[in-house]
1. Semi-axes of the equivalent ellipsoid for the range 24-82, please: Cα gyration tensor eigenvalues, times 5, square-rooted, ordered largest first, whole Å.
2. Have a look at 126, 53, 299 and report the one farthest towards the positive end of the charge dipole of the chain, computed about the Cα centre with Cβ charges (Lys/Arg +1, Asp/Glu -1).
3. Dimensions of the chain along principal axes (Cα, Å, largest first)?
4. May I ask you to derive the relative contact order of the chain, considering only C-alpha pairs under 8 Å and at least 6 residues apart, and to give it as an integer percent?
5. D for the range 134-250, whole µm²/s, Stokes-Einstein with Kirkwood Rh over alpha-carbon pairs at 10 °C and 1.306 mPa s: what number?
6. Less than 9 Å Cβ to Cβ from residue 170, Lys/Arg counted +1 and Asp/Glu -1: what total charge do the surrounding residues give?
7. How big is the charge dipole of the chain about its Cα centre, in debye rounded to the nearest 20, if each Lys and Arg gets +1 on its Cβ and each Asp and Glu gets -1 on its Cβ?
8. For the range 44-147, taking Cα atoms only, what is the radius of gyration to one decimal and the Dmax to the nearest whole Å?
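Throughout, read-outs are computed from the coordinates displayed, never taken from laboratory work. All values derive from a computational prediction rather than experimental measurement. In this analysis, Cβ positions are derived from the backbone assuming ideal geometry, glycine residues included, and neighbour counts consider all displayed protein chains.
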Amino acid sequence: MNPALLRVLPCLLALVFAGESLHADAYLSEDKVYYGADTYTVDYDEKVINAVGSAFFRKEKRRVDADRIVIHYAQKKKIAYFYGNVILTDERNGSRITGKYAEAKFREDFYFIEGETVYRDKKKSIASRRIETREQEGYRFIDDVVYNDGVYEITASALTVADDIAVFEKGTHAVHLKSHDSIDCDEISYMLESEDVTFSGEALYIEREGSLEENTLVIRSDVIRYFNEGDLFVLVGNVLVMNGTYNLRSSVVRYHRSEKLVEAAGDNVVWDGKKYVYCNNLEYDVSEDRVLFLTDVKGVFRPASKTSEKKGNS
């Protein structure tokens, strides 16, 4: 066949006149795209394919199914539109995304899905209003993000997942599903394989024990890093620890959650309602509600108020 003719005819398996209905799968050779449907038409003048009924679109390892697909294959407009019951599957990671509407710039390998979108793979599910994905750049989830992998449930305004790292942005809220502990902060960086997490931006950690209404420990810090191996929190910058009896201010704190042990280093200040205690190092046993002050310990008792003095003299 004439090579020039091959360049003109993009559908090697659909050699038909413009506008004729087809009932076979077809192939866009230039873009390596397979497509098909119950019926479809090809307008060679406008370079538009309209596929209706159990329609599918496949490029390399990604496939999109929908009720209807419109494919523009002109050289300057390589784009496909997907309408109704959209399903994007990716063989590379076994993921599946569902939604109501989608677009694919298939020359750029860029897809986005909208309308009650849900992403699922073997480990996690992620709901959001819009999901974007591009070759080598992972996935971007936008608006009303709800993430669940059986370990954490995390809500955020936006989420990027790439190279086994999930970064949650803008007003994030995380709940540990086993312990019901929660953390609010500006941004979360979650290592999906190790389950190590960094919470940054005025992070507030609330440890819950027993009923969900019973707050046993509250910690605020600029940055909280959690190391899954060892069940260890490392808190850095403007740390405030509150547990009813004691309030602790420090610059660096380590909290061993399984042992209920707080270790603080630096310029530490502890307030117990009656006196302030300053020290360089301390250990706080949360379960026993007992503090061991170490290194350069100085205690300052709160002076009695004038009102209490008058009552004492009467």
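1. The three semi-axes for the range 24-82 are 16, 14, 10 Å.
2. Toward the positive end, the furthest listed residue is 299.
3. On the principal axes, the chain reaches 109, 36, 31 Å in Cα extent.
4. This gives 5 percent for the chain.
5. Using the Kirkwood radius from Cα pairs, D works out to 107 µm²/s.
6. Around residue 170, the surrounding residues sum to -3.
7. 520 debye
8. Answer for the range 44-147, Rg first and Dmax second: 13.5, 46 Å.
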